[in-house]
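To start, the structure under review is shown below, and the notes come after it.
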Amino acid sequence: MDAKKAAGEKAAEYISDGMRIGLGTGSTVYWTIVRLGELVKEGLRIEAVPTSVQTEKLAREAGIPLLPLDRLQAPLDLTVDGADEVSPKYELIKGGGGALLREKMIASFSDRFIVVVDHSKCVPVLGQFPLPVEVVPFGWEMTSKQLGQMGCEPILRIRDGAPFVTDNGNYVIDCRFGSIPNPGELTVELNKLPGIVENGLFVNMADLIVVGYPDGTTRTKSGS
Ligand SMILES: O=C[C@H](O)[C@H](O)[C@H](O)COP(=O)(O)O
């Protein structure tokens, strides 16, 4: 079995009747969405907030009822999402698919945050995966220079020959740090740059990591 499928399907077991949930973005949480669609058809009653246009489409196709944000008066019970890297302290790099801003907003407004990954995403130190940083298009070249001064190689994300545009109308700069030994400190520094909308470091946010393996087994680790 696919390791991503194993992790994604396992996370669906944490969702019970009546829950209001956040649905992340990507190829691992895809399997959570598919499984939840099956459970909804069997009678599970849930409402979901998607973290991207792509996930909204998938959830609709799967028949999962969506909860409009203006009806979200209290935190969600649970959010399930993928990650690009997970450190031994359960710090994450996210945003490989460009959905980091909405993902961080929804995860921060959830009582529990479950992260689903295949085993290759668990690393000793974050930073081999370039850190996605969402920036406003205005003056992105200037923001990119400022990012470079923080010790990374900043590369504007390009898709089909043009800058990749997020669901929020912004650009993404992928920052090659090589190693991020202190993600908490880097987050504080990044948040000082006015051109940055959000960065892909998720520190002290994950409550549970579900790791999938190619033989179809999963292991869970408790986070913050
Ligand atoms: O923007 C995308 C998200 O942060 C994804 O959750 C992350 O990139 C992991 O995606 P995947 O499960 O496809 O590896």
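Values quoted throughout were computed directly from the atomic coordinates according to the rules given, and no laboratory measurement underlies them. Every value quoted in this text rests on a predicted model; they were computed, and no experiment measured them. All Cβ positions, even for glycine, are placed from backbone atoms using ideal geometry, and neighbour counts span all protein chains on display.
Below are the figures for this structure:
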read-out	value
Qualifying residue in region 118-128 (condition: surrounded by 19 or more Cβ atoms within 10 Å (Cβ to Cβ), in a helix (DSSP H, G or I) and among the hydrophobic types (A, V, I, L, M, F, W, C))	no
Single unsatisfied condition, D167 versus (1) more than 14 Å from the ligand (Cβ to nearest atom); (2) acidic (D, E); (3) under 21 Å from V49 (Cα atoms)	(1)
Filter result (within 13 Å of the ligand (Cβ to nearest atom) and more than 21 Å from T217 (Cα to Cα)) within region 1-48	G22, L23, G24, T25
Residue in region 97-109 that is without any contact (Cβ under 8 Å) to a residue 60 or more places away in the chain and within 16 Å of the ligand (Cβ to nearest atom) present	yes
Enumeration of residues in region 63-117 that are in contact with a helix residue (DSSP H, G or I) (Cβ under 9 Å, 6 or more places away or on another chain), charged (D, E, K, R) and under 19 Å from G127 (Cβ atoms)	D84, E85, K89, E91, K94
